[in-house]
Amino acid sequence: MPKRTASVVRTDESLFELVSRGRKGPGGNLVLSPGQVAAVARTVGRTPEVMVKVSGGAREVSGAKAHFSYIDRHGKLEIHTDEDRALVGKDAAAEMLDDWNLELSAGQYRRAPAKGEKDNRPKVVHNIVLSMPGDTPPEKVLAAAKAFAREQFALQYRYAMVLHTDQDHPHVHLVVKAEHEYEQGKRLYVRKATLRDWREAFASSLREQGVAANASPRQMRAENRAPKKDAIHQRLKSLAEFAGLEAAEKTSRSAPVPSTFMRRKVQSVADELKAGGLKAEAGKETLKRTRDSVTELWRSISAALVAQGEKALASQVDAFVSAMPKVRTEKEQIASQLLAKIEANRVEQRDAGKGRE
């Protein structure tokens, strides 16, 4: 049986639709729907971008309970359920999960992988994070997350969430049961397309709350840096979260180990710089071709806006394209940061020397 993903209602607002196929008018020119015009305005206006990601998932009931213990801070934070209840207390998560009947998920009873083996057991829950930049009202992020979850999962997959405000950006940890509540054998599979659609749906929910939010493709924003590989991202996130814990709580937990992968990567770039410069990268040409395609699309969008009487927005698009940063690989970005750090240290030492004169 083919794997089935969660159904997501598509709208005409997506810039991805323009990237992937674009709608052409009678003369072969691009035609923008009102929703797409609004999406263009949000993107060139640098409207805050939502973040939706799968941060992991448990393959056993014990793992799901441990995750809830972490996100509800051992019973200190409210768990908002799919029955519109707010639960608090050390035993709240365990009692709620008992109602989810996770123990009936047969996959968790398969043999656990040996050390070094890939764990192919199906997940019993997916851990999802929904977030916005720091100046977004937390209560609106939570309200949007509730609306998003109802739209995507109600009467299909059990879910619950916890709002976190202890970092510089409000975010919601959403936990969704992987097995369908009523259709035996149907599971929630999360693909790249699923995440893209979820971003758009969450952004729409935020806008309904009066929050300016966008969900444009990274390439359309001409962002050089791709998101870090999830394992590295999680390691850095764990380090940041551990650093923000109170002293008493730090003593009861083991400190996460810094990413040796990223450290090796930075050291490799430093070695190349010492040897006289960065080595050429084959991937740079791919990035350039992608940027050229994006630039061409933006020019088509600008022309379409002019044809549709949106000359002011077309001018904004042209300015947006002109301000796009140069294409840079991750290695080039690391090198730039290293050189900036070296220069900052040099200036600091020079100023310190002047102070002693």
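The values are calculated or read from the model by the stated rules, or taken from the named source; none is laboratory data. All of these numbers come straight from a predicted model, not from anything done at the bench. So basically every Cβ, Gly included, is an ideal-geometry build from the backbone, and we count neighbours across all protein chains shown.
Which of the residues spanning segment 187-197 are in a strand (DSSP E or B) and crowded, with 18+ Cβ neighbours inside 10 Å?
R187
Filter segment 142-171 down to residues that are under 14 Å from H126 (Cβ atoms) and not in a helix (DSSP H, G or I), then give me how many there are.
Selection size over segment 142-171: 6.
Let's see how each residue does on (1) assigned to a loop (DSSP other than H, G, I, E, B); (2) within 28 Å of V37 (Cα to Cα); (3) at pLDDT below 65:
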residue: Y182; (1), (2), (3): yes, no, no
residue: G185; (1), (2), (3): yes, no, no
residue: E200; (1), (2), (3): no, yes, no
residue: S204; (1), (2), (3): no, yes, no
residue: V211; (1), (2), (3): yes, yes, no
residue: K228; (1), (2), (3): yes, no, yes
residue: L245; (1), (2), (3): yes, no, yes
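Check off (1) farther than 19 Å from L77 by Cβ; (2) not in a helix (DSSP H, G or I) for D98 and give me the number that stays unchecked.
Status for D98: all satisfied but (2).
Cβ-Cβ distance below 8 Å, separation of 6 or more or different chains: which pairs start in segment 81-100 with a residue that is in the same structural domain as V162 (by TED's automatic domain parsing) and end on one that is among the charged types (D, E, K, R) and exposed (fewer than 12 other Cβ atoms within 10 Å of the Cβ)?
Final answer for the pair search is L87/E95; V88/K76.
Can we say A335 is in contact (Cβ under 8 Å) with a residue 12 or more places away in the chain, surrounded by 10 or more Cβ atoms within 10 Å (Cβ to Cβ) and assigned to a helix (DSSP H, G or I)?
yes
If only one of V294, V306 is surrounded by fewer than 16 Cβ atoms within 10 Å (Cβ to Cβ) and within 30 Å of V44 (Cα to Cα), which one is it?
One residue alone meets the criteria, V306.
Among the residues of segment 107-125, count how many are surrounded by fewer than 10 Cβ atoms within 10 Å (Cβ to Cβ) and either at positive phi or not in a loop (DSSP other than H, G, I, E, B) (or both).
1
Mind checking which residues of segment 70-101 are modelled with pLDDT of 95 or more and hydroxyl-bearing (S, T, Y)?
Once the filter is applied, which keeps residues that are modelled with pLDDT of 95 or more and hydroxyl-bearing (S, T, Y), segment 70-101 yields only T81.
Just need a number here: residues in segment 133-183 that are closer than 14 Å to D82 by Cβ, touching a Gly at 6+ places or on another chain (Cβ under 9 Å) and surrounded by fewer than 22 Cβ atoms within 10 Å (Cβ to Cβ).
Selection size over segment 133-183: 0.
Here is a check on your reading of the model: is A314 exposed (fewer than 11 other Cβ atoms within 10 Å of the Cβ), under 31 Å from the mean Cα position of the chain (by Cα) and at pLDDT 80 or above?
no
Return yes when E200 is more than 25 Å from S69 (Cα to Cα), assigned by TED's automatic domain parsing to the domain that holds G57, crowded, with 22+ Cβ neighbours inside 10 Å and acidic (D, E) and no when it is not.
Details: more than 25 Å from S69 (Cα to Cα): yes; assigned by TED's automatic domain parsing to the domain that holds G57: yes; crowded, with 22+ Cβ neighbours inside 10 Å: yes; acidic (D, E): yes.
Taking the combined requirement at face value, the residue satisfies it.
Would you check if there is a residue in segment 263-275 being outside any helix (DSSP H, G or I), within 24 Å of T329 (Cα to Cα), at pLDDT 65 or above and not assigned by TED's automatic domain parsing to the domain that holds E139?
yes
How many residues does segment 321-332 contain that are outside any loop (DSSP other than H, G, I, E, B) and not polar (S, T, N, Q)?
So in segment 321-332, the residues outside any loop (DSSP other than H, G, I, E, B) come out as 321-322, 330-332.
Filter once more, so that each one left must be not polar (S, T, N, Q): 321, 330-332.
Total meeting the criteria: 4.
For the list (1) under 19 Å from R221 (Cβ atoms); (2) modelled with pLDDT under 90, I need the number of the one condition that L305 fails.
Going through the list (1) under 19 Å from R221 (Cβ atoms); (2) modelled with pLDDT under 90, L305 breaks only (2).
Yes or no: segment 55-65 includes at least one residue that is closer than 26 Å to L206 by Cα and buried (at least 18 other Cβ atoms within 10 Å of the Cβ).
There is at least one residue in segment 55-65 that is closer than 26 Å to L206 by Cα and buried (at least 18 other Cβ atoms within 10 Å of the Cβ).
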